[in-house]
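K.L.:
Below: one structure in structure tokens.
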Amino acid sequence: ATAFMGYVLPWGQMSFWGATVITNLLSAIPYIGTDLVQWLWGGYSIDNPTLTRFFTLHFILPFIIATFTILHLLFLHETGSNNP
């Protein structure tokens, strides 16, 4: 998701296209899709506030991924693997 957001970062038509694609993908999730789109983007209308959220997520997601990677290394690799 982070790479996809980075691919469509430039302001302009590609950003609108990327936000529209992500909106359509999220809205296709059964039961929670519509609520997820409302929570993430604030609705189905793609405009300047949507792109601002888009870019904010693009900035924050690598830090979230790095945090989970560190937590994974700290907690799941304490004793090693018992998998042959």
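The values are calculated or read from the model by the stated rules, or taken from the named source; none is laboratory data. In this text, all values refer to a predicted model and were calculated from it rather than measured experimentally. Here Cβ is always computed from backbone atoms with ideal geometry, including for glycine, and neighbour counts include all displayed protein chains.
K.L.:
If you check every pair at least six apart or on different chains, which have Cβ atoms under 8 Å apart with a residue in region 30-43 that is assigned to a loop (DSSP other than H, G, I, E, B) first and a residue that is of a type in the set (S, T, N, Q) second?
P.N.:
G42/T50
K.L.:
Which of the residues spanning region 46-71 are hydroxyl-bearing (S, T, Y) and either closer than 22 Å to N24 by Cα or touching a Lys or Arg at 6+ places or on another chain (Cβ under 7 Å) (or both)?
P.N.:
If we filter region 46-71 for residues that are hydroxyl-bearing (S, T, Y), which is where we start, we get 50, 52, 56, 67, 69.
Across region 46-71, the qualifying residues are T50, T52, T56.
K.L.:
Can you pull out every residue in region 20-48 that is modelled with pLDDT under 75 and surrounded by 12 or more Cβ atoms within 10 Å (Cβ to Cβ)?
P.N.:
Once the filter is applied, which keeps residues that are modelled with pLDDT under 75 and surrounded by 12 or more Cβ atoms within 10 Å (Cβ to Cβ), region 20-48 yields G43, Y44, I46, D47.
K.L.:
I'd like the full set of residues that are modelled with pLDDT under 85, of a type in the set (S, T, N, Q) and either exposed (fewer than 12 other Cβ atoms within 10 Å of the Cβ) or farther than 26 Å from G18 by Cα (or both), limited to region 49-84.
P.N.:
Listed by number, the residues that qualify are T52, T56, T79, S81, N82, N83.
K.L.:
Against the condition at pLDDT 70 or above and surrounded by 12 or more Cβ atoms within 10 Å (Cβ to Cβ), how does V8 come out, does it pass? Spell out the reasoning first.
P.N.:
Details: at pLDDT 70 or above: no; surrounded by 12 or more Cβ atoms within 10 Å (Cβ to Cβ): yes.
No.
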